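Asker: Sharing a structure with you now.
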Number of protein chains: 2
Amino acid sequence: MSFDLDATATARLRSAGQRYTTQRRQLIELLADAGSPVSIPDILAGGSGLKQSSVYRNLAALEQAGVVRRLVTDEEFGRYELAEDLIGHHHHLVCSRCGKMRDVDVPQDLERTLERALDRIAKRAGFARVSHRLDLLGLCADCAAEVGTDTTRA
Amino acid sequence: MSFDLDATATARLRSAGQRYTTQRRQLIELLADAGSPVSIPDILAGGSGLKQSSVYRNLAALEQAGVVRRLVTDEEFGRYELAEDLIGHHHHLVCSRCGKMRDVDVPQDLERTLERALDRIAKRAGFARVSHRLDLLGLCADCAAEVGTDTTRA
DNA sequence: CTTCCTGCAAAAGTTTTGCATTAAC
DNA sequence: GTTAATGCAAAACTTTTGCAGGAAG
């Protein structure tokens, strides 16, 4: 984990009146190492020994402190990544079969075009716009291969 | 409800081996009338008398038949709208405070630009691309007004 | 030493399921 | 008539919470 990340996490937690405990450091490390969004079942099953209620509470604390972000997925459980200002604005490739997510960047100029257009649209709709969310939905290479073979979900 | 919609729903359900019952017609009507995504609590509380388990089962059946679509939100419950090929490709304005969603169109040319760029990105990532999802997150006019006044969620 | 965090177990929320009855075809 | 849909209640699942004990500052 980079020194910056550690220091930033400490600072943000402190200013939210919270401590940078071993478990929280562990969670942040885990998310940083994964490099793509991680689900709570993954975390709980991951041999880290982290306890269910603590994971939920700590992710909530880290989210409130602005260190992590909870993503919205079509799965039935939560998925988290480091906050956008820590890892940069990006989007996700989502596999509609296995649910796995992968980070992806879109070209700068498309991003700018998008921003401008969305600002106009939001303004017209009386919306105080904060951000956008753009996901690509499809089949990851693994699932595309399996779909040819098996019938789990034609 | 338009004649087309009714006929389409019947056809799609039949070819999935399912019946077009009163409740299913009611749900489709409800979604069509709403004109924006409707949550399951909304449906259950809406005086329709529809029962919880039936609503869940019928929305699942309708989704599998390709008549409705379940949306992904940051709320803790499901939200549905009519299938995209019935109401057209569009995106959503989402209020991060009250969760309400509103349909919104983006300009044709932006949509095309986006499509082309995303196809390239998906291909590069080894993804068999199916579609994209673009949401605008912000504060709806109502919530923007209230935030000035109250402190529920600064 | 004071405050917050942790863990266990139990509760709360949404969604799913078993089974007898009713409706669709 | 046969098969699928409905309603009720109970289960399953993720997430939240109460409370006693332990760690952080």
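The values are calculated or read from the model by the stated rules, or taken from the named source; none is laboratory data. Since this is a predicted model, take the numbers as computed values, not measurements. Quick reminder, even Gly has a Cβ in these numbers, built from the backbone with ideal geometry, and neighbours come from all protein chains shown.
Asker: Evaluate the range A:105-127: report whether one residue or more is β-branched (Val, Ile, Thr), in the same structural domain as A:Ala141 (by TED's automatic domain parsing) and more than 19 Å from B:Ser96 (Cα to Cα).
Answerer: yes
Asker: Pairs needed: first member in the range B:109-124, more than 7 Å from chain A (Cβ to nearest Cβ); second member anywhere, among the charged types (D, E, K, R); C-beta distance under 8 Å; at least 6 residues apart or different chains.
Answerer: Pairs found: B:Asp119/B:Arg129; B:Lys123/B:Arg129.
Residues checked against (1) farther than 23 Å from B:Gly126 by Cα; (2) basic (Lys, Arg):
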| site | (1), (2) |
| --- | --- |
| A:Ile40 | yes, no |
| A:Ser48 | yes, no |
| A:Leu62 | yes, no |
| A:Glu84 | yes, no |
| A:Ser96 | no, no |
| A:Pro107 | no, no |
| A:Lys123 | yes, yes |
| A:His132 | yes, no |
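Asker: Testing B:Val106 on (1) part of a loop (DSSP other than H, G, I, E, B); (2) farther than 30 Å from B:Asp6 by Cβ, one condition comes back false. Which one is that?
Answerer: Going through the list (1) part of a loop (DSSP other than H, G, I, E, B); (2) farther than 30 Å from B:Asp6 by Cβ, B:Val106 breaks only (2).
Asker: While we're looking at this one, here's another question. Residues of the range A:1-56 being outside any helix (DSSP H, G or I) and within 15 Å of DNA strand C (Cβ to nearest atom), which ones?
Answerer: Of everything in the range A:1-56, those that are outside any helix (DSSP H, G or I) and within 15 Å of DNA strand C (Cβ to nearest atom) turn out to be A:Ala16, A:Gly17, A:Gln18, A:Arg19, A:Tyr20, A:Thr21, A:Gly46, A:Gly47, A:Ser48, A:Gly49, A:Leu50, A:Lys51.
Asker: Something else now. Among the listed residues A:Arg57, A:Arg12, A:Arg70, which satisfies the condition of being outside the structural domain of A:Arg133 (by TED's automatic domain parsing) and either surrounded by 19 or more Cβ atoms within 10 Å (Cβ to Cβ) or over 20 Å from B:Asp74 (Cα atoms) (or both)?
Answerer: A:Arg12
Asker: Return the total of residues in the range A:58-72 being in a loop (DSSP other than H, G, I, E, B) and either under 11 Å from the mean Cα position of the chain (by Cα) or within 14 Å of DNA strand C (Cβ to nearest atom) (or both).
Answerer: Result for the range A:58-72: 3.
Asker: Considering the range A:85-108 alone, what residues qualify as being among the aliphatic types (A, V, I, L, M) and free of Cβ contacts under 8 Å to residues at least 24 places away in the same chain?
Answerer: If the condition is that a residue be among the aliphatic types (A, V, I, L, M) and free of Cβ contacts under 8 Å to residues at least 24 places away in the same chain, then A:Ile87 is the only one that fits.
Residue-by-condition table, conditions (1) at pLDDT below 95; (2) under 30 Å from B:Cys143 (Cα atoms); (3) within 15 Å of DNA strand D (Cβ to nearest atom):
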| position | (1), (2), (3) |
| --- | --- |
| B:Arg24 | no, no, yes |
| B:Ser48 | yes, yes, yes |
| B:Gln52 | no, yes, yes |
| B:Val55 | no, yes, yes |
| B:Val68 | no, yes, yes |
| B:Leu71 | no, yes, no |
| B:Asp74 | yes, yes, yes |
| B:Ala83 | no, yes, no |
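Asker: Okay, next question. Looking at A:Arg133, is it in contact with a Ser or Thr (Cβ under 6 Å, 6 or more places away or on another chain), closer than 17 Å to B:Arg133 by Cβ and within 11 Å of chain B (Cβ to nearest Cβ)?
Answerer: Criteria not met by A:Arg133.
Asker: Return the residue satisfying two criteria in turn: it lies in the range B:73-86 and is over 10 Å from the mean Cα position of the chain (by Cα) and more than 10 Å from DNA strand C (Cβ to nearest atom), and of such residues it is farthest from the other protein chains (Cβ to nearest Cβ).
Answerer: Filtering first and then ranking leaves B:Leu86.
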